[in-house]
Amino acid sequence: MAKLLEGQAAFITGGAQGIGLAVARAMVAEGARVCIADVQQDTETTAATLGADALGLRLDVTDAVATDKAIETAARRFGRIDIAVPNAGILLLKTGTDMTPEEFRRVLDVNLTGAFITTRALGHHMMTDGKGGRIIMTSSLFGIRGGRENAAYSASKFGMIGMMQSFAAELAPHGILVNCVCPGQMDTQMIRQLFRERAQLRGISEAEVAAGLTSRIPVGHLGPMDHLAGTYLYLASDLSRYVTGQSIIVDGGWQVG
Ligand SMILES: NC(=O)c1ccc[n+]([C@@H]2O[C@H](COP(=O)([O-])OP(=O)(O)OC[C@H]3O[C@@H](n4cnc5c(N)ncnc54)[C@H](O)[C@@H]3O)[C@@H](O)[C@H]2O)c1
C-alpha cells in the first residue's frame, strides 16, 4: 500500500522532543523526509535517529533571519518543502497578577510570533513553488478556553487560532491548506513541567496534580504521542484536501468531560 506522504518533505519546529519529534517520526514512517528545527543543542544528533534522510537544524524560532536561512537549507536538501509544522512552544505557569510584562511577552514571542515567522516564511516558499502545501500549527485546548495560571500561554494559543484562520483564507487560493491541532494533556516533558510547577504553586504534590488532571479526561489517561500524531498525518495528507481554517481538538474528551 502506498504511504500517505511518499515523496514529501516536512519542516517541523520544536522537533527535538515531545509532540514535534513524535510527528516527525510518524511522517518519516509515512514516507516523508523531515527537517526538525529546534533551539536545542543536540537537534542534529536527534535528527540522525530519524534516518539518514532527516535533517536537524539548531534554530530559535523568534529569529526571522535565521528561520529564512534554515528553510533555505532544508529546501536545498529536499528540493522543496510540502508540509510545515510550526510547533515550538514554551509554557509559563503563573497567575496573571504575578506575571511580569517581560514574561508575558516572552511566551507570546516564542509561541505566537515564532509560529508567525515560520508560517510566513514557508507560506512564501510554497507560493513561489506553486505546488500548494500544508501548514499545521500546534495550538492547544488552552487556545479554545482559558484557565488558571495560563494567561500568557492561553493568549498565545488563542492568538494562533486567529492567525491560522487568516493565513488559511489568504493561502487557500494557492492550494495551501492551513489548520491547527489543539492537543489536550499529552504525555511530554511540558506536561511534567506543568505537574511540577502547579504542585509548587498550589502547595500540593505532583501526584495530586496529575491525578486531578487525569480524572478530568474521560478516556482516563494522558495522551500518548502516537494517538496524537495521526491527526497531523491526516492534515498533511490527501485525506484532508478540503479541510482548511480548522482547529482540531485531540484531548481524550477533556473538553466535554
Ligand atoms: N504537552 C501537552 O500537553 C501540550 C498540549 C497542548 C499543546 N502543546 C503544544 O505542543 C507544542 C509542543 O509541546 P511539547 O509538549 O512537545 O513540549 P516540549 O517541551 O516537549 O517540546 C517543545 C519543543 O520546543 C522547543 N523550543 C522551545 N522554544 C523554542 C524556540 N525559541 N525555538 C525553537 N524551538 C524551541 C523545545 O526545545 C522543545 O524541543 C508546544 O507548542 C506546546 O505548547 C502541548
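The values are calculated or read from the model by the stated rules, or taken from the named source; none is laboratory data. None of the values given here were measured: they were computed from a predicted structure. Note: ideal-geometry Cβ built from the backbone for every residue, glycine included; neighbour counts use all protein chains shown.
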Just the residues that are in contact with a Leu (Cβ under 6 Å, 6 or more places away or on another chain) and not in a helix (DSSP H, G or I), please, taken from the stretch 36-80.
Ala37
Criterion violated by Met1 - all others in (1) touching a helix residue (DSSP H, G or I) at 6+ places or on another chain (Cβ under 7 Å); (2) surrounded by fewer than 17 Cβ atoms within 10 Å (Cβ to Cβ); (3) not assigned by TED's automatic domain parsing to the domain that holds Val178 satisfied
(1)
Keeping to the stretch 23-49, report how many residues are of a type in the set (A, V, I, L, M, F, W, C) and within 8 Å of the ligand (Cβ to nearest atom).
2
Could you give every pair whose Cβ atoms fall below 8 Å, whose first residue belongs to the stretch 99-117 and is under 26 Å from Asp68 (Cβ atoms), and whose second residue is part of a helix (DSSP H, G or I) and among the β-branched types (Val, Ile, Thr), counting only separations of at least 6 or pairs across chains?
Ile117/Thr67
Report the residue count in the stretch 1-22 for those that are near the ligand (Cβ under 8 Å from one of its atoms) and among the polar types (S, T, N, Q).
2
Quick one: which of Gly56, Gly89 is touching a residue at least 24 places away in the same chain (Cβ under 8 Å), more than 8 Å from the ligand (Cβ to nearest atom) and buried (at least 22 other Cβ atoms within 10 Å of the Cβ)?
Gly56
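The rows are residues; the columns are (1) crowded, with 20+ Cβ neighbours inside 10 Å; (2) aromatic (Phe, Trp, Tyr); (3) within 30 Å of Ala210 (Cα to Cα).
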{"position": "Pro173", "(1), (2), (3)": "no, no, no"}
{"position": "Leu177", "(1), (2), (3)": "yes, no, no"}
{"position": "Val181", "(1), (2), (3)": "yes, no, yes"}
{"position": "Gln185", "(1), (2), (3)": "yes, no, yes"}
{"position": "Gln189", "(1), (2), (3)": "no, no, yes"}
{"position": "Arg192", "(1), (2), (3)": "no, no, yes"}
For the stretch 138-157: of the residues being assigned to a loop (DSSP other than H, G, I, E, B) and surrounded by 24 or more Cβ atoms within 10 Å (Cβ to Cβ), which is nearest to the ligand (Cβ to nearest atom)?
Ser140
Any chance you could count how many residues in the stretch 221-248 are at pLDDT 95 or above and under 18 Å from Ala32 (Cα atoms)?
14
Since His124 meets every condition but one in (1) in a helix (DSSP H, G or I); (2) out of contact with any Cys (no Cβ under 9 Å at 6 or more places or on another chain); (3) in contact (Cβ under 8 Å) with a residue 40 or more places away in the chain, which condition does it not meet?
(3)
Taking Leu194 as the residue in question, decide whether it is under 30 Å from Ala70 (Cβ atoms), outside the structural domain of Glu72 (by TED's automatic domain parsing) and either within 14 Å of the ligand (Cβ to nearest atom) or of a type outside the set (A, V, I, L, M, F, W, C) (or both).
yes
Give me the residue from the stretch 63-83 that is within 13 Å of the ligand (Cβ to nearest atom) and crowded, with 18+ Cβ neighbours inside 10 Å and, out of that set, farthest from Asn179 (Cα to Cα).
Ala70
